[in-house]
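The values are calculated or read from the model by the stated rules, or taken from the named source; none is laboratory data. Predicted, not measured: the structure shown is a model, and the values here were computed from it. Cβ placement follows ideal geometry from the backbone for every residue including glycine, while neighbour counts extend to all protein chains displayed.
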Amino acid sequence: MTFWMRRVRAALPWVLVGVLSSGATLIALLPAAWIAPMFAKATNGHINLADPSGSLWRGSATLMLAAGTDASGATVLPGRIEWQTAFWPLFTGRVRMQMRQTDAMPDAVRVDAQLRGATLSAGGIGVPAALLAGLGAPFNTLDLQGDVRLSWTDWRSFGSEAFGQLVITLNEMSSRVSRVKPLGSYRVVFQAEGAGATLDLSTTKGPLMLSGHGTLREGAVSFQGSASSAAEARENLAGLLNLLGRPNGPDSVALVFAR
């Protein structure tokens, strides 16, 4: 072995340490802004992380809802989403992250992801109904007011399959297109069952009564339900009912959606 080969062999471990250290440092310093475009792309521009700060490993951003790439009518949830990502599990092919929303989510949730699947721990978040207007039609037309609470069980995904339950509770809802205030309180249950899912809508109280059942199978979405009014609110709710669906009775309309 020549003198120079011995020198290269002796220096090689230190070169590798230097390369790995530099790479680890660069990864650790990745800015939070790096994840924002990826998040927007994954949700088709509907859910966005705006004004990101910090790093990919410890940072924060505001939650913004938009109709798509056009953010002119977007709405922003007060407070910030904060996250912390564990660094060393990345070397075993896992992503472990804790997330919380400062104003709307008192308890942090955990994300544990690897190549074969991901798990989101059970949690909940409360938001004002006005936030939904950022998603565009029909929410911006209805201009809903009230409180919306989302709660979910442990959510597990394996490739294109998902398992878990999401419950959306809408309390004391009202709309600018109706003089009846409040319209009522409602409950939506979304149940993910592997390759498909079901959605059930029910009314807990109120003069505007909504109900229905929907399914999601192989990318196809269908929903059938009805909206009706209590007798004492029939006249004042007639315009809203006509806006919601096709009449199928004296005081009710059909809620039908398929894609």
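Return a yes/no flag: does the stretch 61-83 have any residue that is closer than 26 Å to G136 by Cβ, hydroxyl-bearing (S, T, Y) and surrounded by 14 or more Cβ atoms within 10 Å (Cβ to Cβ).
yes
Just give me the residues in the stretch 77-116 being at positive phi and at pLDDT below 85, in sequence order.
G93
For the stretch 37-57, give me each residue that is touching a helix residue (DSSP H, G or I) at 6+ places or on another chain (Cβ under 9 Å), over 17 Å from A133 (Cβ atoms) and surrounded by 15 or more Cβ atoms within 10 Å (Cβ to Cβ).
L49, P52, G54, S55, L56, W57
Scan the stretch 198-221 residue by residue and report those that are loosely packed, with under 14 Cβ neighbours inside 10 Å and either assigned to a loop (DSSP other than H, G, I, E, B) or hydroxyl-bearing (S, T, Y) (or both).
Within the stretch 198-221, T204, E218, G219 qualify.
Taking the stretch 147-186 as the region of interest, how many residues are among the hydroxyl-bearing types (S, T, Y) and in contact (Cβ under 8 Å) with a residue 60 or more places away in the chain?
2
Just need a number here: residues in the stretch 222-259 that are closer than 17 Å to G184 by Cα, of a type in the set (S, T, N, Q) and not in a helix (DSSP H, G or I).
The qualifying residues number 4.
Need the failing condition index for A137 against (1) farther than 23 Å from I81 by Cα; (2) not in a loop (DSSP other than H, G, I, E, B), just the number.
(2)
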